[in-house]
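Here the structure is laid out as structure tokens; the discussion comes afterwards.
The values are calculated or read from the model by the stated rules, or taken from the named source; none is laboratory data. Being a predicted model, the structure only gives us computed values, none of them experimental. All Cβ positions, even for glycine, are placed from backbone atoms using ideal geometry, and neighbour counts span all protein chains on display.
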Amino acid sequence: MTSTSFEHGAQLADQVASATGADPGDRLLHTRGVWAAGEFTPSANAASMSAAEVFAEAGTPATVRFSSTLGGPGGHDGDPSDHGMAVRIGGLDLVMFTLPVFFARTGADMVEFLRAANSPDPSSAVPAFVARHPEAAAALGLAQQARPAAGFTGLAYHSVHAFGLVDAASTTRWARLGWRPHRPFEPLAPEEARSRPSDYLGTGLPGELPAHFDLVAHLPAARDDVHDPTRLWSSEQTVTLGILTLDRAEAPDVEPGFDPLRLPEGVAAPLDRLASDRSAAYAAARRRRG
């Protein structure tokens, strides 16, 4: 990381902490989380899509952290929230959300939104933000439709960035990656979710295992804006790249520093500004936590 990106990441982390009131010793976002472990096995055609080693070898160990966005350490898992799934498989980190698109194109825009959402009057501040940033409307509209989750392993998770899948002939296909659960769960009614313990998603994880997810590559149509993380794609074409099997709720001895730009040869980094801003802010947030 260059000194410029180091300083930029530190500024973003400080601004996010200021906007949300996060304690320096806590995660800035997705504070509540739980760990799982298992392995990843690529599909038969994965190697034809990408020359990355993770798509050539079966049984690569996987470390996973499921998390919730809203409420900080004292939040309730029943709040309709954007949940996260961060996965490390070999040299590949995949940091995904239940929302298929993001509400900001840059780190600066994300900070502006967080300030609005955490302001004394968010009912006025957030619509004002959307008026200035109409690209945020898609993600925020989907977030407003969200219902409480019944379990972490029954949700689909999406990368909001397009990654380049580079094959052995150096041909690059841009795709948004996603985890598709083998056993989807119906959402809960709000009153049922709120009647459960505040950490019911985390404490319920062991009972959901083993759990399986397909890693899918969502391919764009010619008219889709491939490198805008706020835009939904019109295409529904997907290719299955492999299966993630989680068989134990187990925290790692050393917590991995997830980085959305920690990518192996065979996977090209996203071209949008938000991806590099997230990477820099994540690194700075880890330094803040010590």
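Within segment 162-169, does at least one residue satisfy the condition of being free of Cβ contacts under 8 Å to residues at least 60 places away in the same chain and touching a helix residue (DSSP H, G or I) at 6+ places or on another chain (Cβ under 6 Å)? So far as segment 162-169 goes, no, none of its residues is free of Cβ contacts under 8 Å to residues at least 60 places away in the same chain and touching a helix residue (DSSP H, G or I) at 6+ places or on another chain (Cβ under 6 Å).
Residues checked against (1) surrounded by fewer than 18 Cβ atoms within 10 Å (Cβ to Cβ); (2) modelled with pLDDT of 95 or more; (3) over 24 Å from Val166 (Cα atoms):
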{"residue": "Leu244", "(1), (2), (3)": "no, yes, no"}
{"residue": "Asp247", "(1), (2), (3)": "yes, yes, yes"}
{"residue": "Val254", "(1), (2), (3)": "yes, no, yes"}
{"residue": "Phe258", "(1), (2), (3)": "no, no, no"}
{"residue": "Gly266", "(1), (2), (3)": "no, yes, no"}
{"residue": "Leu271", "(1), (2), (3)": "yes, yes, no"}
{"residue": "Asp277", "(1), (2), (3)": "no, no, no"}
{"residue": "Ala283", "(1), (2), (3)": "no, no, yes"}
{"residue": "Arg289", "(1), (2), (3)": "yes, no, yes"}
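When residues in segment 174-229 are screened for being crowded, with 16+ Cβ neighbours inside 10 Å, outside any strand (DSSP E or B) and of a type in the set (Lys, Arg), 1 of them pass. Only one of the numbered conditions (1) surrounded by fewer than 17 Cβ atoms within 10 Å (Cβ to Cβ); (2) part of a loop (DSSP other than H, G, I, E, B) is not met by Pro127, and that is (2).
Let's see how each residue does on (1) among the aliphatic types (A, V, I, L, M); (2) more than 19 Å from the chain's Cα centre (by Cα); (3) modelled with pLDDT of 90 or more; (4) over 27 Å from Ala149 (Cβ atoms):
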position: Thr41; (1), (2), (3), (4): no, yes, yes, no
position: Ala46; (1), (2), (3), (4): yes, yes, yes, yes
position: Glu57; (1), (2), (3), (4): no, yes, yes, yes
position: Ala62; (1), (2), (3), (4): yes, no, yes, no
position: Gly71; (1), (2), (3), (4): no, no, no, no
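Taken over segment 102-121, the residue count meeting the criterion of being part of a loop (DSSP other than H, G, I, E, B), surrounded by fewer than 20 Cβ atoms within 10 Å (Cβ to Cβ) and in contact (Cβ under 8 Å) with a residue 40 or more places away in the chain is 2. Taken over segment 63-85, the criterion of being buried (at least 22 other Cβ atoms within 10 Å of the Cβ) and either in a loop (DSSP other than H, G, I, E, B) or in contact with an Asp or Glu (Cβ under 7 Å, 6 or more places away or on another chain) (or both) is satisfied by Ser68, Asp77, Gly78, Ser81.
Filter segment 130-153 down to the residues that are touching a helix residue (DSSP H, G or I) at 6+ places or on another chain (Cβ under 9 Å), in contact (Cβ under 8 Å) with a residue 60 or more places away in the chain and under 22 Å from Asp79 (Cα atoms), then identify the one that is surrounded by the most Cβ atoms within 10 Å (Cβ to Cβ).
As a first pass, look at segment 130-153 and keep what is touching a helix residue (DSSP H, G or I) at 6+ places or on another chain (Cβ under 9 Å): 130, 132-133, 135-137, 140, 147-153.
Within this subset, residues satisfying the condition of being in contact (Cβ under 8 Å) with a residue 60 or more places away in the chain are 135-136, 147-149, 152-153.
So of that shortlist, the ones also under 22 Å from Asp79 (Cα atoms) come out as 136, 147-149, 152-153.
Working: Ala136: 24, Arg147: 13, Pro148: 21, Ala149: 25, Phe152: 29, Thr153: 27.
Across segment 130-153, the extreme among qualifying residues is Phe152.
Is at least one residue of segment 236-248 over 19 Å from Arg105 (Cβ atoms), part of a loop (DSSP other than H, G, I, E, B) and of a type in the set (S, T, N, Q)?
Taking segment 236-248 first, the residues over 19 Å from Arg105 (Cβ atoms) are 236-248.
Pick out the ones that are also part of a loop (DSSP other than H, G, I, E, B) and you get 236-237.
Remaining after also requiring of a type in the set (S, T, N, Q): 237.
Yes, segment 236-248 has at least one match.
From the residues in segment 86-101 that are aliphatic (A, V, I, L, M) and in a loop (DSSP other than H, G, I, E, B), which one is nearest to Arg32 (Cα to Cα)? Checked segment 86-101; the qualifying residue nearest to Arg32 (Cα to Cα) is Leu99.
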